[in-house]
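Below: one structure, written as structure tokens.
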Ligand SMILES: C[S@@+](CC[C@H](N)C(=O)[O-])C[C@H]1O[C@@H](n2cnc3c(N)ncnc32)[C@H](O)[C@@H]1O
């Protein structure tokens with residue numbers, strides 16, 4: 001197992017890697033939604049919806065305790081919310097970038113927000129580090145993370161922390177980019193490494209972020225290695241479902257029902 005964690009340029013250890021990631025997302029937050037939709041041609045919406053559909057049974061349970069970690073500007077959270085019944089327990093939406101989270105918080109609704117009805121499903125924003133969640137052990141039924149896990153300074157520590165806060169039998173879903181193989185992989189690599197950073201630079205002043213994106217996908221463990229890491233950290237029923245020819249994919253796993 002070689003996986004460790006994200007290594008943004010200039011980072012020398014896990015603390016400086018986390019700080020560099022947080023600063024980068026704070027910097028791109030104002031343009032994040034626009035860039036996301038332009039760069040993915042809106043396919044990201046399908047991926048969020050598909051991920052939410054995968055967990056529809058848990059989302060339909062009004063008492064389920066659910067965390068969207070690395071929620072950013074909250075589009076994954078919103079896809080999860082669409083499947084919550086009226087009067088459901090609010091989803092916790094956590095991120096360590098205040099600038100990203102504050103944009104998400106404007107979408108989340110909640111009692112007294114806008115014209116929403118009191119029993120409308122909503123999310124509660126929480127400023128928190130994925131590696132040190134301010135949550136009780138064995139308290140969650142479902143943790144979802146979309147395009148955030150890859151940025152953690154230590155993947156194993158992230159999986160352990162999620163395992164700690166999941167109830168026995170609780171589910172984990174990690175939506176991440178990956179690198180498709182074959183000819184499509186070569187074409188995609190060209191887009192990802194050359195075209196995407198150029199568009200990123202044109203739209204957003206924090207140009208380094210869109211060079212970091214392909215680099216971070218390239219150094220993220222490929223599915224067999226990531227699944228091995230999940231099993232080694234104590235998860236069961238570990239699986240990877242490729243989305244859109246493997247450009248992205250959903251990792252799913254369960255914390256063993258009996259400890
Ligand atoms: C690419 S964005 C994804 C946002 C959103 N989930 C989406 O699908 O658009 C990654 C997010 O992960 C957050 N993040 C990265 N490392 C984190 C950590 N250790 N703790 C909490 N949030 C983190 C960043 O601040 C950023 O908002």
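Each value in this text was obtained by applying a stated rule to the coordinates, not by laboratory testing. All of these numbers come straight from a predicted model, not from anything done at the bench. As a convention, Cβ positions derive from the backbone with ideal geometry for all residues, glycine included, and neighbour counts pool all protein chains shown.
A few notes on this one:
- For the chain, dividing the convex hull volume of the Cα atoms by the residue count gives 119 Å³ per residue.
- Antiparallel bridges, percent of DSSP beta bridges restricted to the chain (to nearest 5): 45 percent
- Segments 48-59, 164-175 sorted - mean Cβ within 10 Å per residue, highest first: 164-175, 48-59
- Each DSSP beta bridge with both residues in the range 128-259 is either parallel or antiparallel, and the antiparallel ones are about 70%.
- R0 of 45 Å, Cβ-Cβ distance residue 194-residue 63: FRET efficiency to nearest 0.05: 0.40
- Evaluated at q = 0.09 Å⁻¹, the base-10 log of the normalised Debye intensity for the range 117-259, with identical point scatterers placed on the Cα atoms, takes the values -0.34.
- DSSP assigns beta bridges within the range 14-163; of those with both partners inside it, close to 10 percent run antiparallel.
- Ordering 68, 13, 75 from the fewest to the most neighbouring beta carbons within 10 Å gives 13, 75, 68.
- Residue-averaged [θ]222 nm for the chain, counting only DSSP H segments that reach four residues, each worth -39500 (n - 2.57): -11500 deg cm²/dmol
- Shape of the range 94-194, Cα gyration tensor, a/c cut at 1.5: oblate
- Global form of the range 37-135, assessed from the alpha-carbon gyration tensor, a/c cut-off 1.5: rounded
- Rounded FRET efficiency, nearest 0.05, which uses the C-beta distance separating residue 232 from residue 16 and R0 of 35 Å: 0.85
- Net length gained if the chain between residue 139 and residue 26 were fully extended (0.36 nm per residue, minus Cα distance): 37.8 nm
- Normalised convex hull volume, the range 1-89, alpha-carbon set, Å³ per residue: 157 Å³
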